[in-house]
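Inspection log for the structure reproduced underneath, given as C-alpha cells.
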Amino acid sequence: MLQAIRNRAQGWVAWLIVILISIPFALFGIQEYFGVSADPVVAVVEGTDIKQSELDRRLRDFRESMRRVLGENYQADLFDETRLKPRVLQAMVDEKVLQQATTDWNMQPTDAQVRQLIQEIPAFQREGVFDAALYRTALRNQGVTSSFFEQQVRQDIVLRQFESSWQSGHFVTEQKLSDFVRLEAQKRAIRYVQIPVSDPQPAAVTAEQVATYYERHSDEYKMPEQIKLAYLHLSEKTLGAQVELDEAALQAYFAEHQSDFIALEERKLRHILIAQQAGDAAAQLTLAQDLLAQLRAGADFAELAQAHSKDPGSADMGGDLGWMEQSAFVKPFADAAFELEVGGLSEPVQTEFGYHLIQLEAIRGGGEPDFADRRDDVVAAYRAQQVENLYYDEFERLAAMVYETPDSLESAAELLNVPVQETDWLTRSGVFPEPLNTEKIKALAFSEDVLQGNNSELTELSPVNAVVLRIAGHKAATRKPLADVREQIVARLAAEQASEQTQQMGEQALSSLQAGAAFNEVVQAWMPEQEQVLERHTDVLPQSVVQMVFAAPRPEADTPSYTGVMSADGYYVIAVERVDEAVSATLDTGQLKTYRTQQYDAAYRVLRGKLRDNMDVTLHQ
C-alpha cells in the first residue's frame, strides 16, 4: 500500500498527503489512525519481545505441518488452540532463552556453515544439486527475504551447536549410567485381579444430592457467551479477480520494470579447499600450487577434490558447488570465480577458510530479458501491482463507508462488490474460521463497541488483506437450567458412588493381604487371576497401574509386596512377586546409546531450566 502512495503522490499532492497524515500520526500513532490495534506482546525474555503475531504464525505452521504429516487422519480438535497455545509459547520462550545464552557466549556460525546448510535443504535442490533460482523462488513464495531466512538458519545452527557442545561436554559416568539402566530397564513380575466398577444405581441418587452438586459445580453447566459474525474480507483473491490483463499494459509494465526480470548471472563451479591451519600457510600454498600444476597437466578435478579438498559440503561430490550467484561467496572467492572463462582454472585464492582452486563449468542468466520468455512473471508482477493499487483505493473507501454507516455492512458490500460472509456460533475460546482465527480479531469481536451493535474498525491482517465485522447474533453466558442437566448429574453421581464402592472393596482386600491373608483366598470373588511381567514404559495395563507397580516395595524373600490402585476400569489388587534388574553390561550398543541419550536429554532440560531461572522472563498469556 505504501508503494501505491509513492506512485500516486507527486509534487504539491505529496506534500498535502504528508501534512494531512502527519498530524493524526503524531497525536495518536499510526495504529490508531488506521484503526488497527498494536501487535500485543505475549512474552518478554531478557528484554526481547515475543509478539502475538509470532505466536500465531508458529501455531499456524505447527498445524500445517501436522496436517501434511497426518493427511486424512488430521483432526482439528486434537490441535485446539486453547491447549496448544501455552505449549507453543513455552517452547518459544525456551528458544529465546537459548538464543540469549548463545549471544552472551558469542557463539556464531561461519558464512560457509550457513551456505552449506542452505544448499543441503532438499526444497532448494534440483536433481540433487542446489539451485539458486529455485531458492529465490521458494523464499519469494513464502514472503520472506533471503537475509531473514539466512538469519533464521544462523540461529538454528547456533542452537544445534549449543546442544551438541553440551552433549559432548556432559560426561555420564559408567556408574551413573549403570544405576540409570538398572532402574529404567527394570522389570517386575506381578499377579493381579481387576475388581470391575460396580453397576451405577441412579435410583439411589437423591434430589438433594443433585441440587447440592448443581450449586457446587455451577461453572460446569454454563453456556459460554456466543456470537455470530458478519464480515467483509478485502483480500488479494477478491481484488485479483477485478484486474483485467491488457497486452499493451503488460508490455508497458515490462519496459518500465525490465531490470526486475533480468535473471541474475549464475555460475556452475567446482573448488578444492586447502583448509587453513595456524602457522602453515606456506605449506598450504605449496600444496595448492602443486594441485594446480596437476590440473593443468590434465588431472581430473573431481578426483583431486575428493582426495584433497577439506570442504565437507562439496568434497564428496568432486568439489561441485552447483549453480551460485556472485553474492553467495566471500569477496576474494567471488571476484576470482566471476572473472573466469568457461573451463578456466583460477590461481590459488586465499580466503579466511584457506586456499581455493576454482574451476568454472558453465554460465547462465544475465543479459537482456525477453518478454515472451518472462511473460508469466510479468503477469504475476503486474497483477500484484494492480491489486496493491486497488487495495489502497478500496481500503480507503471501505474504511469511510463502515464509519459513516456503523450499523450495517450491506451498503459497503454493494459499493465494493464484496460479499457479506457470516460465521456459525463462536465462543471466546473456540476456533474462528479463517481468516478470522487470530487473537486480534477475537478481541475485536468481543469488544464492547462491537457487542453494542457497531461495525468494527477496518483491521489489516497482513498486506493486501483486511476485514471489518459486526455482530450478526449474540447469546449472553447463562447457566443451564437444572431440569436440562438433571439426568447428566444423576448419571455422574451414580457413577461416582459406584466407583467409591469399588474402591472400598479393593482397599479392604488390600488391607487383608497386607495383614497376611493368602492372595487366592482374598481375591477369589474376582477371579480369574492374571500374571504379567511389566516393563516401566509398557502400555499393556493403565499407566496408573504401571506406576503403582513400580512404586511398590520390593518383595522380601518369598513374600510378595502388595499394592492397589483405582483406575477408570476398576480397582487393581496387585502382588509384586519378583524384581528383575537389567545390567548395563548385558545390553547391546544401541540400547546403551538410547539410555545415554536419555541421560543427556534430562541434563539438558535441567540446564535449560537453570538458564531460564537466571533470566528475566515475563509471560503475558
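The values are calculated or read from the model by the stated rules, or taken from the named source; none is laboratory data. What you see is a predicted model, and the numbers here were worked out from it, not measured in a lab. Cβ sites come from the backbone with ideal geometry, for glycine too, and all protein chains shown count toward neighbours.
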Is it the case that E244 is among the acidic types (D, E) and assigned to a helix (DSSP H, G or I)? no
Out of all the residues in segment 489-528, which are in contact (Cβ under 8 Å) with a residue 24 or more places away in the chain, over 15 Å from Y562 (Cβ atoms) and not hydrophobic (A, V, I, L, M, F, W, C)? R492, Q497, S499, Q501, T502, Q503, P528
Only residues that are part of a helix (DSSP H, G or I) and free of Cβ contacts under 8 Å to residues at least 40 places away in the same chain: list them for segment 188-232, please. A203, A207, E208, T212, E215, R216, D219, E220
Out of S198, S235, I need the residue that is more than 30 Å from I363 (Cβ to Cβ), at pLDDT 80 or above, surrounded by 12 or more Cβ atoms within 10 Å (Cβ to Cβ) and among the small types (G, A, S). Which one? S198
Search segment 533-549 for residues being in contact (Cβ under 8 Å) with a residue 24 or more places away in the chain and surrounded by fewer than 18 Cβ atoms within 10 Å (Cβ to Cβ), and hand back the single one that is nearest to V573 (Cα to Cα). P542
I'm told Q125 meets every condition in (1) under 30 Å from T618 (Cα atoms); (2) of a type in the set (S, T, N, Q); (3) at pLDDT below 85 except one. Can you identify the failing condition by its number? (1)
Give just the number: which of (1) at pLDDT 80 or above; (2) among the small types (G, A, S); (3) in a helix (DSSP H, G or I) does A380 not satisfy? (1)
So which residues in segment 270-303 are without any contact (Cβ under 8 Å) to a residue 40 or more places away in the chain and farther than 17 Å from F353 by Cα, if there are any at all? D290, A293, Q294, A297, G298, A299, D300, A302, E303
Residue by residue through segment 117-136, note down the ones that are surrounded by fewer than 17 Cβ atoms within 10 Å (Cβ to Cβ) and either under 18 Å from R270 (Cα atoms) or without any contact (Cβ under 8 Å) to a residue 12 or more places away in the chain (or both). E120, I121, P122, Q125, R126, E127, G128, V129, L134, R136
Across segment 97-124, the tally of residues that are within 17 Å of P312 (Cβ to Cβ) and of a type outside the set (G, A, S) stands at 12
Among the residues of segment 606-620, are any more than 32 Å from the chain's Cα centre (by Cα), in a loop (DSSP other than H, G, I, E, B) and either at pLDDT below 90 or not charged (D, E, K, R) (or both)? no
Could you tell me which residue of segment 550-575 is surrounded by the most Cβ atoms within 10 Å (Cβ to Cβ), considering only residues that are assigned to a strand (DSSP E or B) and out of contact with any helix residue (DSSP H, G or I) (no Cβ under 8 Å at 6 or more places or on another chain)? S561
Give the residue that is surrounded by the most Cβ atoms within 10 Å (Cβ to Cβ), with candidates limited to residues of segment 238-267 that are acidic (D, E) and either farther than 13 Å from Y382 by Cα or in contact with a strand residue (DSSP E or B) (Cβ under 8 Å, 6 or more places away or on another chain) (or both). E266
Yes or no: A372 under 44 Å from the mean Cα position of the chain (by Cα) and either closer than 23 Å to A133 by Cβ or in contact (Cβ under 8 Å) with a residue 60 or more places away in the chain (or both)? yes
